[in-house]
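Reviewing the structure listed below.
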Amino acid sequence: MKNFQSKLPSVGETIFSTISAKAQQFQAINLGQGFPDYDGDEFLKDRICHYIKSAHNQYAPMPGVLALRESIADYFKNKYQLNLSPNSEITITSGATEALTASILGLVSQDEEVIIFDPSYDSYAPAIQLAGARAVRLNLVDETFALPMEQLKKSINTKTRMIILNSPHNPTGAILSRETWLEISELVAGTDIIILSDEVYEGIHFIGERHFSPLELPDLKERLISVFSFGKSCHMTGWKIGYAIASPFLTTELRKLHQYFTFSTFTAAQLALADYLREHQENFINLGSFYNTKKELFIKELTGSRFKVLDSSGTYFLLVDYSEISNKIDTEFCLELIEKYGVASIPISVFYEKPISDQRIIRFCFAKKDETIKKACKILREI
Ligand SMILES: Cc1ncc(COP(=O)(O)O)c(C=O)c1O
């Protein structure tokens, strides 16, 4: 096709697929892509089979199974004291990815600008490009990975349609505080800027930390879409069930895309998740302490190595500095780790538009069985 022009000419295979394939080829322990090497609760497996066998196999309602939307509303009432309308404010999507992409394509127009912060999750920029808009990519500050507030203020102009924020943050584990959200709220007051808040790691905040959801700020409500993932909260990333919470006005716009992207999402999985969230809400509330134990194990097992673990407040990722071991750039170092030592990680430069040249940092996922963490760290201690 001579006259075909790709809409995403610079997009190739994602780094996660590349690293996972390499890890498989070298039979490496995969601490790269963000998925657990254990399954979610037996309860979920029993319920999904039950619903499949009892003939719940046709299209779900477009906005999602009502029971699941009601369970979500109940969870937000208990955890955040928020009153959400299952009918007009909650939409079930095929993973958080669908909600993010539908929000960007549905709300951002040609030639507008969307501000994102690097290192950023890799689905944002291609969706912005598909919308015909420009991604304004600002780097988070040094190794604290705080928001560059002054730069953010300077970057806002009449073309700015959206700001995308992610907290708890992949890959850095940083969490945005209530104070920072208040500053953002003040910054966008009186504008037509939409805030897209990626909260897929909502439940994974460590001891002494709290996830502050911007949904808790009434002033942000009219311009806010918050996005969540049951893949992350239920250790079932392959089920690809996510949801978006937004004002009735923004929900209507989001659903216009959702109904033509996918129309609806896997019925039996939604019904199983509705039961799980209703009957085992404690597992969602205690997710942070579950992962805190794994984080501490990872750090303890890495003690004595030449890797330096960076501070982290949430998610199931840890960044480590390897500058004592090698001066290679992170992509090369990650390949060496797989090929020579049999451990897979993710280079963080791939999350940047303009990678920081002297940064020697990689990301490990510790959503792994204790024995996997111990086995991997034994190898890492000897490098
Ligand atoms: C920051 C962030 N947003 C969104 C997603 C996608 O979530 P889902 O698998 O539910 O589509 C991920 C998955 O790794 C993520 O890390």
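The values are calculated or read from the model by the stated rules, or taken from the named source; none is laboratory data. Note that the structure is a prediction, hence the values are computed from the model and not measured. As a convention, Cβ positions derive from the backbone with ideal geometry for all residues, glycine included, and neighbour counts pool all protein chains shown. Each accessible area value is taken on the protein alone, full model and side chains, heavy atoms only, with ligands, DNA and RNA left out. Shrake-Rupley method; radii C 1.70, N 1.55, O 1.52, S 1.80 Å.
Worth a mention:
- Among the residues of region 62-94, those that are within 16 Å of the ligand (Cβ to nearest atom) and assigned to a loop (DSSP other than H, G, I, E, B) comprise Gly64, Ser94.
- Leu277 being within 16 Å of the ligand (Cβ to nearest atom), within 28 Å of Leu107 (Cβ to Cβ) and assigned to a helix (DSSP H, G or I): yes
- The set of residues in region 213-242 being of a type in the set (Ser, Thr, Tyr) and open to solvent by 30 Å² or more (accessible area, probe 1.4 Å) consists of Thr237 alone.
- Residue in region 258-272 that is farthest from the ligand (Cβ to nearest atom), counting only those that are outside any helix (DSSP H, G or I) and open to solvent by 50 Å² or more (accessible area, probe 1.4 Å): Phe263
- Within region 110-149, the set of residues being small (Gly, Ala, Ser) and either within 14 Å of Ile163 (Cα to Cα) or not assigned by TED's automatic domain parsing to the domain that holds Leu196 (or both) comprises Ser120, Ala125, Ala127, Ala133, Ala135.
- In region 4-29, of all residues being away from the ligand (no atom under 16 Å from the Cβ) and assigned to a helix (DSSP H, G or I), the one that is modelled with the highest pLDDT corresponds to Gln25.
- Val350 meets the conditions (1) modelled with pLDDT of 95 or more; (2) within 22 Å of the chain's Cα centre (by Cα); (3) part of a helix (DSSP H, G or I) in every case but one. The failed one is (1).
- Any pair with Cβ under 7 angstrom, 6 or more apart, that starts in region 212-239 at a residue that is on the phi > 0 side of the Ramachandran plot and ends at one that is more than 10 Å from the ligand (Cβ to nearest atom) and of a type in the set (Asp, Glu): His235/Asp39
- Strands (runs of 3 or more DSSP E) wholly inside region 115-207 containing at least 3 residues that are over 30 Å from Asn283 (Cα atoms) and more than 15 Å from the ligand (Cβ to nearest atom): 134-139, 160-166
- Qualifying residue in region 353-372 (condition: surrounded by fewer than 19 Cβ atoms within 10 Å (Cβ to Cβ) and of a type in the set (Phe, Trp, Tyr)): no
- Residue satisfying condition, being open to solvent by 40 Å² or more (accessible area, probe 1.4 Å), within 29 Å of Ala125 (Cβ to Cβ) and in contact (Cβ under 8 Å) with a residue 24 or more places away in the chain, within set Val320, Val343, Val350: Val350
- Within the set Arg134, Arg178, Arg161, the sole residue that is under 30 Å from Gly32 (Cα atoms) and open to solvent by 40 Å² or more (accessible area, probe 1.4 Å) turns out to be Arg134.
- Listed conditions (1) out of contact with any Ser or Thr (no Cβ under 8 Å at 6 or more places or on another chain); (2) in a helix (DSSP H, G or I); (3) away from the ligand (no atom under 14 Å from the Cβ) are all met by Leu215, apart from (1).
- Selection count, region 255-282, where residues are in contact (Cβ under 8 Å) with a residue 60 or more places away in the chain and either of a type in the set (Phe, Trp, Tyr) or within 30 Å of Leu380 (Cβ to Cβ) (or both): 4
- From the options Lys232, Lys294, residue that is assigned by TED's automatic domain parsing to the domain that holds Val320 and of a type in the set (D, E, K, R): Lys294
- Looking at Glu150, Glu143, just one residue is of a type outside the set (Ser, Thr, Tyr), modelled with pLDDT of 95 or more and surrounded by fewer than 18 Cβ atoms within 10 Å (Cβ to Cβ), and that residue is Glu150.
- Candidates Arg255, Arg210 - the one that is assigned to a helix (DSSP H, G or I), more than 16 Å from the ligand (Cβ to nearest atom), open to solvent by 10 Å² or more (accessible area, probe 1.4 Å) and basic (Lys, Arg): Arg255
- Looking only at residues in region 95-114 that are within 12 Å of the ligand (Cβ to nearest atom) and β-branched (Val, Ile, Thr), the one that is most open to solvent (accessible area, probe 1.4 Å) is Thr97.
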